[in-house]
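The values are calculated or read from the model by the stated rules, or taken from the named source; none is laboratory data. Quick caveat: nothing in here was measured; it's all calculated off a predicted structure. Cβ placement follows ideal geometry from the backbone for every residue including glycine, while neighbour counts extend to all protein chains displayed. Surface accessibility is based on the protein's heavy atoms, side chains included, excluding ligands, DNA and RNA. Shrake-Rupley method; radii C 1.70, N 1.55, O 1.52, S 1.80 Å.
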Amino acid sequence: MPKVPGGDSFWTNLATSVFLLMLLVGVYTYFVTDQSKQPTDIPISQLAQDVQAGKVATISVDGDDLTIAYADKTEKISKKEPDAALSQTLTNYGVPKDALDKVSINIKRENSWLFWFTALSPFLAPLLLILFFIWYLSRQVKGAGMQAFSFGQSKPRVIDPNDKVQRVTFKDVAGAKEAKIELLEIVDFLKNPKKFLDIGARIPKGILLMGSAGTGKTLLARAVAGEAGVPFFSISGSEFVEMFVGVGASRVRDLFLMAKKAAPAIIFVDEIDAVGRVRGTGVGGGNDEREQTLNQILVEMDGFEPNEKVIVIAATNRPDVLDPALVRPGRFDRRVVIDLPDRQDRNEILHIHARRKPLAEDVNLGVIAERTPGFSGADLANLMNEAAILAARENRKTVAQYDLIRSIEKVMLGPERKTHVLNLKEKEITAYHEAGHALVASLLPYADPVHKISIISRGRAAGYTLKLPFEDKRMQSKLEFLDDIAMALGGYVAEKTVFGDITTGPSNDLQVLTGLARDMVTKYGMSDKMGTIALEGEGGRALFGAGVEGKEYSEKVSAEIDGEVKSIIDGAYQKAVSIITEYRKVLDIIAHRLVETETIEREEFETILVANGIQPKKRQDIEPRPAVVNF
Ligand code: ADP
Ligand code: MG
Ligand code: ZN
């Protein structure tokens, strides 16, 4: 395992410097200020008197310092005038010659090291400090210079295969069965490369994991390394988009070098779309740096020897924008799609994340899985965590089902905004708006059943109507789309009918439903007039790397599309208006109840419907599909 150049060295440097400094100060003060054992200091005039009185036995001269030993065994110190002989000084003070003769005077030869040290330390200490400082700064500057030259010495995060804490295996990844099967082959190769090489098999160099955010791409890549027991080098595409041109490329070079040294190993490039976008479109500013980085990745991958035993795994949630050069054979030629988890998978994921959380007896994760269509693995992990936080905040030792249920909405819509208080008028308008959505949804055959209506603000929404499908579904039909659009108009129509006025409330509804109607016409061929043409691709207008302006149809067709979109929306509007007018009484009941209680759960809502002669939807009534929320 190569050592990772880390940020630690700075702190070690600092610690050493501080230590040295303290040592220096310590030594200095020891020599200069340790005077505890020093005898009393007397003026030279006093000494002269004492000599005259015959009290002094010996005087040791040490430079200008005098140590005086008295006949009574006491010791005192003094100082003579510099550059003058002691005897001369004493004589000047009027000490007679015979008194002086009785004192033995020892001129001590200085311990030269100590002498110089004490003599110079007042000058030396600051000087040393300054030198030390300069040295220290120069080190820093050098370090910075190094960094500037080689951000290159990039810091890919490395996960050691022997690191039990960080190690992830397939057991930690629920669902994604196809992906796991595909990746098992890679694990096998990394564990046992010889088997494959001996038979002359060419091992894929690059694997592209594709799936929406939070589906567990990073987790799965780590699991491959964990299963194979090889080091995992990871770096994110967005990190390459650095400040200096050329830095990204050198980072890539270093990364591959490190991995090759540690082979067999896995290199994981997260968010590769950040560097691997279609080149030369001008979208994203034609970033030279990005192109160089991408080129370097391609060069490195092309340069792999067949026996290199390094496998590059990349992840993206925008496979549609990737440069075709990346997915050519010999590069990321294996593509593994990771779907959003279905109900069974969600159940398993919830179980994985419930491992270390004590659950109350009433918890039924199956129900939670059922109620969370469209949730990604990351959402579910988040949900579990939110539930645990809720339980802890209420000082409970276990997570209850109620915590989990509350967390679903929190994850889906953001936290409740209790401080966002509506005045009575706003409350009424919001109540009618949501009641409109709910009522229209309940009377249209292809809309999903209403699960909950609320006028408690969450995130940016003043209120919401939550509809849940009975099961997951990946396809939607034209009839369902039409009902969805009518339902989305329910809020707008209710406001208009009841108050004769429109607020800004429905603006989000209108955007969503217009987008939906547009897609029906331009993507799904659901307009009779336009016929079966897909005028636009998956990735919006940036199809095949064409710029945003790159429409493939004329102004005339464009006008026709607008006409079709309008007629779809008009039709849905009529539907909504007729429902709201016909069932105005029920609308009032629902809205008033909402103003009162702020939230209506499914059971209560269905009771209201039944009491007014509307049959609630049954499980088998409709084809289910992912959850839809109208605000
Ligand atoms: P991505 O890289 O696809 O955006 P991540 O791998 O970063 O998603 O997933 C984020 C987190 O979500 C993971 O750390 C894990 O806790 C959880 N998670 C996602 N998918 C799964 C799964 N299939 N099984 C268990 N946990 C998952
Ligand atoms: Mg990720
Ligand atoms: Zn709405």
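From (1) outside any helix (DSSP H, G or I); (2) away from ligand 3 (no atom under 16 Å from the Cβ); (3) modelled with pLDDT of 90 or more, pick out the condition that doesn't hold for ILE453.
(2)
Is it the case that ALA494 is open to solvent by less than 10 Å² (accessible area, probe 1.4 Å) and under 14 Å from GLU434 (Cα atoms)?
Answer is yes for this residue.
Report yes if some residue within segment 334-344 is open to solvent by 20 Å² or more (accessible area, probe 1.4 Å), in contact with a helix residue (DSSP H, G or I) (Cβ under 7 Å, 6 or more places away or on another chain) and within 16 Å of ligand 2 (Cβ to nearest atom); otherwise report no.
Within segment 334-344, none of the residues are open to solvent by 20 Å² or more (accessible area, probe 1.4 Å), in contact with a helix residue (DSSP H, G or I) (Cβ under 7 Å, 6 or more places away or on another chain) and within 16 Å of ligand 2 (Cβ to nearest atom).
Mind listing just one residue for me: the one in segment 305-323 that is modelled with pLDDT under 80 and open to solvent by 20 Å² or more (accessible area, probe 1.4 Å) and, of those, nearest to LEU255 (Cα to Cα)?
By that ranking, first place goes to GLU308.
Listed here are the residues, each with its yes/no results for (1) surrounded by 18 or more Cβ atoms within 10 Å (Cβ to Cβ); (2) assigned by TED's automatic domain parsing to the domain that holds ALA213; (3) not small (Gly, Ala, Ser); (4) not in a loop (DSSP other than H, G, I, E, B).
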site: ASN347; (1), (2), (3), (4): yes, no, yes, yes
site: HIS351; (1), (2), (3), (4): no, no, yes, yes
site: ASP362; (1), (2), (3), (4): no, no, yes, no
site: PHE375; (1), (2), (3), (4): yes, no, yes, no
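So, in segment 497-507, exactly how many residues are surrounded by fewer than 16 Cβ atoms within 10 Å (Cβ to Cβ) and in a helix (DSSP H, G or I)?
The qualifying residues number 2.
Determine if segment 398-410 includes at least one residue that is within 16 Å of ligand 2 (Cβ to nearest atom), assigned to a loop (DSSP other than H, G, I, E, B), surrounded by fewer than 23 Cβ atoms within 10 Å (Cβ to Cβ) and of a type in the set (Ser, Thr, Tyr).
The answer is no; no qualifying residue exists.
All but one of (1) near ligand 1 (Cβ under 8 Å from one of its atoms); (2) under 17 Å from ARG335 (Cα atoms) hold for GLY214, so report the exception by its number.
It is condition (2) that GLY214 fails.
Only one of ASP339, ASP302, ASP362 is touching a residue at least 12 places away in the same chain (Cβ under 8 Å), within 16 Å of ligand 1 (Cβ to nearest atom) and out of contact with any strand residue (DSSP E or B) (no Cβ under 7 Å at 6 or more places or on another chain). Can you tell me which?
ASP339
Here's the yes/no breakdown for (1) of a type in the set (Gly, Ala, Ser); (2) outside the structural domain of ARG584 (by TED's automatic domain parsing):
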position	(1), (2)
THR398	no, yes
GLU409	no, yes
ILE429	no, no
TYR432	no, no
GLY436	yes, no
LEU439	no, no
LEU443	no, no
VAL450	no, no
ILE456	no, no
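Taking ARG331 as meeting all but one of (1) modelled with pLDDT of 85 or more; (2) open to solvent by 10 Å² or more (accessible area, probe 1.4 Å), write down the number of the exception.
Every condition holds for ARG331 apart from (1).
Can you tell me which residue in segment 290-304 is modelled with the lowest pLDDT, limited to those that are of a type outside the set (Asp, Glu) and farther than 29 Å from GLU178 by Cα?
Only one residue tops the list, namely ARG290.
Conditions (1) acidic (Asp, Glu); (2) in contact (Cβ under 8 Å) with a residue 60 or more places away in the chain; (3) away from ligand 2 (no atom under 16 Å from the Cβ), marked per residue:
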residue: ASP198; (1), (2), (3): yes, no, yes
residue: ARG202; (1), (2), (3): no, yes, yes
residue: ALA223; (1), (2), (3): no, no, no
residue: GLU227; (1), (2), (3): yes, no, yes
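Tally the residues that are in contact with a helix residue (DSSP H, G or I) (Cβ under 9 Å, 6 or more places away or on another chain) and either farther than 21 Å from GLU601 by Cα or charged (D, E, K, R) (or both), restricting the search to segment 379-408.
Residues flagged as in contact with a helix residue (DSSP H, G or I) (Cβ under 9 Å, 6 or more places away or on another chain) and either farther than 21 Å from GLU601 by Cα or charged (D, E, K, R) (or both) within segment 379-408 amount to 17.
Taking only pairs six or more apart or across chains, which ones have beta-carbon atoms under 6 Å, a first residue in segment 307-321 that is more than 16 Å from ligand 2 (Cβ to nearest atom), and a second residue that is open to solvent by 10 Å² or more (accessible area, probe 1.4 Å) and not in a loop (DSSP other than H, G, I, E, B)?
ASN307/LEU197; LYS309/PRO193; VAL310/LYS260; VAL321/ASP273; VAL321/ARG277
Find all pairs meeting these conditions: Cβ atoms under 6 angstrom apart; at least six residues apart or on different chains; first residue within segment 79-92 and β-branched (Val, Ile, Thr); second residue not in a strand (DSSP E or B).
Cβ pairs passing all conditions: THR89/LYS80; THR89/GLU81.
Are there any strands (runs of 3 or more DSSP E) wholly within segment 36-141 with 3 or more residues that are surrounded by fewer than 13 Cβ atoms within 10 Å (Cβ to Cβ), and if so which?
Details: elements: 56-62, 65-70, 75-79, 104-107.
Qualifying strands (runs of 3 or more DSSP E): 104-107.
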